[in-house]
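The values are calculated or read from the model by the stated rules, or taken from the named source; none is laboratory data. These numbers come from a predicted model, not from an experiment. Positions of Cβ are generated from backbone atoms using ideal geometry, with glycine treated the same way; all protein chains shown enter the neighbour counts.
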Amino acid sequence: MTTLPAEGTNDGTQREIAPFSSEPRTRLIFGVNTVEQIGQLALGLPASRVLLVTDPGIVRAGHAERVQRLLEAAGIVVTLFAETEENPSTACVDRAVAVAKAARVDAIIGLGGGSAMDTAKGCNFILTNGGRMQDYWGIGKATKAMLPLIAIPTTSGTGSECQSYAIISDAITHQKMACGDPKAAARIALLDPVLTVSQPRRVTACTGIDALCHALETAVTLKRNPISWMYSREGFQLCAQNLETVLTSPDNVPARGRMLLGAAFAGTAIEHSMLGAVHSAANPLSAHFGIVHGQAVGMMLAVVIRYNAGSAEARNLYAQLAVTAGLVSSDAQEDVAIEQLIHHVSRLLRCAEIPNSLRDAGVDRASLPMMAREAAKQWTAQFNPRPALEADFLRFYSEAFEG
Ligand SMILES: [Fe+2]
């Protein structure tokens, strides 16, 4: 039977709750056409000169012009930086900083996917605290106040709008640096489902799978706590029940809204509980074979769930997620619940057209040992509920290679 949380506990396990510190930093505003509020929200920061950080796709979709017009109607001077690139580099951040300095901005708005929001955060670090992005690699290295930031996601994926980290790549070494500080978190996350309708199908698919992975990974990490569990569970339910709908009916705004909220909740869970072996295994796949992040995590997901289910606590938590999402009834055996969970994940991966195997994705079998070495050194591996060492990653890759 799927054991539900005992009386008086709410993280679904009987283990001692690890110490944590939790402070809501970001005001969440959710709803259709809430973007119309951006002028008043910016004035309330208060802001008079704003840097609007976005990317060329968002400009083409008309969202940047709409937001700029709304801000200008509120009397705010807007400077546009639309050169955000995928996996933003330190060079991209430096260009944004130069534009922000020249415009003497007093607030920043990140409009787009995780890359635009991360570029906005990265720009904020250097603009207010000086130095270079490498100086902020880690947690809490900014000593001075930062400018107020509003994050407006146009994808349902990273949850960057609810996080205090900017993921920026070193332009020379290509090392991805997670630069975090509580001051870097957005003051406001504006979640308007209408803005996510313009995503190309491939973006909806890959970012949606990433959000699903965030919910599943954060649910079981060693750092999880009752607060992260609430976000993981809600995030999983929303993503698991709506990803297929947004892929088959892209104009379904209510489903888009549920995905957007699910991704934001899963992203909030990461702030508390970090990630696990799926993300550790995915990074080398992206670095060496250029595999898009959402695709890389998707291909590793089922293998890692099976491995983690060898932990009694993780198995119980996965089973609870399966019940929450309506995949099994609450009296189902745990093993049945895990199989249904993996079955549902596999179905969503097929809908998202994620390749069946690493072989199909163009990965070279000879590179698996090298990637296993790298994966074991990834920061997130240490938070996986079961030890994830080099030999484990080699096994994960070998299984995922065959599919
Ligand atoms: Fe991710």
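So here's what we get for this one:
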read-out	value
Top-ranked residue of region 375-401 - restricted to ones that are surrounded by fewer than 18 Cβ atoms within 10 Å (Cβ to Cβ) and modelled with pLDDT under 95, ranked as farthest from Lys176 (Cα to Cα)	Gln382
Arg233 being part of a helix (DSSP H, G or I), among the charged types (D, E, K, R) and farther than 20 Å from Ala361 by Cβ	yes
Unique residue being surrounded by 15 or more Cβ atoms within 10 Å (Cβ to Cβ), at pLDDT 95 or above and not in a helix (DSSP H, G or I) when the list is Leu317, Leu348, Leu301, Leu275	Leu275
Residues located in region 273-328, provided they are within 13 Å of the ligand (Cβ to nearest atom) and at positive phi	Met274
Residue satisfying condition, being out of contact with any Asp or Glu (no Cβ under 8 Å at 6 or more places or on another chain), assigned by TED's automatic domain parsing to the domain that holds Leu222, part of a loop (DSSP other than H, G, I, E, B) and over 19 Å from Gly290 (Cβ atoms), within set Gly362, Gly310	Gly310
Test result for Phe236, closer than 14 Å to Val345 by Cβ, of a type in the set (Phe, Trp, Tyr) and either out of contact with any strand residue (DSSP E or B) (no Cβ under 7 Å at 6 or more places or on another chain) or not assigned by TED's automatic domain parsing to the domain that holds Met177 (or both)	yes
Flag if Thr90 is at negative phi and under 23 Å from the mean Cα position of the chain (by Cα)	yes
Residue tally, condition within 13 Å of the ligand (Cβ to nearest atom) and either farther than 16 Å from Ala322 by Cα or aliphatic (A, V, I, L, M) (or both), over region 198-231	9
Meets criteria (out of contact with any Leu (no Cβ under 9 Å at 6 or more places or on another chain), aliphatic (A, V, I, L, M) and modelled with pLDDT under 95) for Ala171	yes
Failed criterion for Ala186 (all others in (1) in the same structural domain as Gln295 (by TED's automatic domain parsing); (2) buried (at least 24 other Cβ atoms within 10 Å of the Cβ) hold)	(1)
Any hit, region 53-60, residues being under 19 Å from Leu147 (Cα atoms) and of a type in the set (A, V, I, L, M)	yes
Test: residue in region 239-257 that is outside any helix (DSSP H, G or I), away from the ligand (no atom under 13 Å from the Cβ) and among the acidic types (Asp, Glu)	yes
Answer from Ala211, Ala185, Ala171 - the residue that is under 29 Å from Lys141 (Cα atoms), of a type in the set (Gly, Ala, Ser) and out of contact with any Asp or Glu (no Cβ under 9 Å at 6 or more places or on another chain)	Ala211
Looking only at region 278-298, and only at residues there that are hydrophobic (A, V, I, L, M, F, W, C) and outside any helix (DSSP H, G or I), the one that is farthest from the chain's Cα centre (by Cα)	Ile291
All strands (runs of 3 or more DSSP E) inside region 164-217 with 2 or more residues being more than 30 Å from Pro46 (Cα to Cα)	176-180
Residue match in region 73-91 (condition: in a helix (DSSP H, G or I), out of contact with any Gly (no Cβ under 7 Å at 6 or more places or on another chain) and modelled with pLDDT of 95 or more)	yes
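Residue by residue, here is whether (1) of a type in the set (A, V, I, L, M, F, W, C); (2) within 16 Å of the ligand (Cβ to nearest atom); (3) surrounded by 23 or more Cβ atoms within 10 Å (Cβ to Cβ); (4) free of Cβ contacts under 8 Å to residues at least 60 places away in the same chain holds:
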position: Met117; (1), (2), (3), (4): yes, yes, yes, no
position: Gly122; (1), (2), (3), (4): no, no, yes, yes
position: Gln134; (1), (2), (3), (4): no, no, no, yes
position: Pro153; (1), (2), (3), (4): no, yes, yes, no
